[in-house]
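Enquirer: Next up is a structure, given as structure tokens.
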Amino acid sequence: KTNQRKQEAQMRALVNQLSPHFLYNTLNSIRWMAMIHRQDNIREMTDSLINLMSYSVRDVSKLVPLAAELDILQDYVRIQKVRYQNFALSVAVDEEFRPVPIPKFVLQPLVENAILHGLESSPRGGKIEVRAERDGSDLLLTVTDNGVGMDEGRLRFVRESMETEDAGRHVGLRNIRERIQLYFGERYGVAIDSAPGAGTSVCIRLPLPDDPGGEAA
């Protein structure tokens, strides 16, 4: 069953390469139009989106250094700030962890969830923190927000949804969990905690390599 799930994930990744190719070329056209008309804000947003697109279709099955994931996260935040201006992202990741190999797009969906579900309806200024810390031979990557949070019923529903195959039910969290376990095994994955008015925290557990700089391509 593990091999079947891995093949399905690879097939989805291959299919998903087709539409981004067309979109990438279209974005380049928009970028040149913005430059001609000196619309720097449009050019900067388009540059960030082009970076995201290029990152998403390049070597989809390979692990990347945590540093690359953090860089692309900044591009994503620049795009979101055009619409959601009342939030700030902080990153607390020591240099020793930046070479650690991780699957692509494990942080971006968590920040997206924090913005859309945690901060969008919050009356106060939003704060999102990405933090890395060692836990024995593991790396814990935590994305925390100060948003509206979830009650026990909603939190239980989200946790159960990560374990189901139902389409449309927290696909992002389930996708992250599945990909981490395909790469590293069942003991790794995603945990989520939340409380009403106290925000939400999502923690990813990954293995720390003996030589952090030698694993990711």
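The values are calculated or read from the model by the stated rules, or taken from the named source; none is laboratory data. Because the structure is predicted, anything quoted here is derived from the model rather than measured. Note that we place each Cβ from the backbone using ideal geometry, even for glycine, and neighbour counts take in every protein chain shown. Just so you know, the surface numbers come from the protein's heavy atoms only, side chains and all, with ligands and any DNA or RNA stripped out. Shrake-Rupley method; radii C 1.70, N 1.55, O 1.52, S 1.80 Å.
Enquirer: Mind checking the full-extension length gain between Lys62 and Gln181? Use 0.36 nm per residue of separation minus the Cα-Cα distance, one decimal, nm.
Expert: Going from the current span to full extension adds 41.4 nm.
Enquirer: Arg98's amide H: which non-local residues (gap 5+, or another chain) put their own amide H closer than 5 Å, with H modeled 1.01 Å from N in plane and none for Pro or chain starts?
Expert: It is none; the list stays empty.
Enquirer: With all protein chains present and a 1.4 Å probe, how do Met162, Met35 order by accessible area, largest first?
Expert: I get Met35, Met162, largest accessible area first.
Enquirer: So what are the ³J(HN,Hα) numbers for region 69-77, from phi and the Karplus equation (6.51, -1.76, 1.60; θ = phi - 60°), rounded to whole Hz, Gly and Pro as x?
Expert: 5, 5, 4, 5, 5, 5, 4, 4, 5
Enquirer: Related question: Residue by residue through region 40-50, which ³J(HN,Hα) values in whole Hz follow from phi under the Karplus form 6.51 cos²θ - 1.76 cosθ + 1.60 (θ = phi - 60°), with glycine and proline marked x?
Expert: 5, 5, 5, 4, 5, 5, 5, 4, 5, 5, 4
Enquirer: Any chance you could run the full-extension gain for Ser137 through Val91? It's 0.36 nm times the residue separation minus the Cα-Cα distance, nm to one decimal.
Expert: Working it through step by step, the gained length comes to 14.4 nm.
Enquirer: From the square roots a ≥ b ≥ c of the eigenvalues of the alpha-carbon gyration tensor of region 169-209, which class results: rounded (a/c under 1.5), prolate (a/b over b/c), or oblate?
Expert: Taking the square roots of the gyration eigenvalues as a ≥ b ≥ c, region 169-209 is oblate.
Enquirer: Modelled label-to-label distance, Ile42 and Ala9, 7 Å Cα→beta-carbon offset: nm?
Expert: 4.0
Enquirer: As a test question: what accessible area, to the nearest 10 Å², does His37 have when a 1.4 Å probe is rolled over all protein chains in place?
Expert: 130
Enquirer: Here's another thing I want to ask about it. Note down the nm distance, to one decimal, between modelled labels 7 Å out along Cα→Cβ at Met35 and at Asp210.
Expert: 4.8
Enquirer: Pop the C-beta distance of Asp193 and Tyr84 into the FRET formula with R0 = 25 Å and round what comes out to the nearest 0.05.
Expert: FRET efficiency, Asp193 to Tyr84: 0.60.
Enquirer: If you take every DSSP beta bridge whose two residues both sit in region 82-142, what share of them, in percent to the nearest 5, is antiparallel?
Expert: Antiparallel: roughly 45 percent of the beta bridges in region 82-142.
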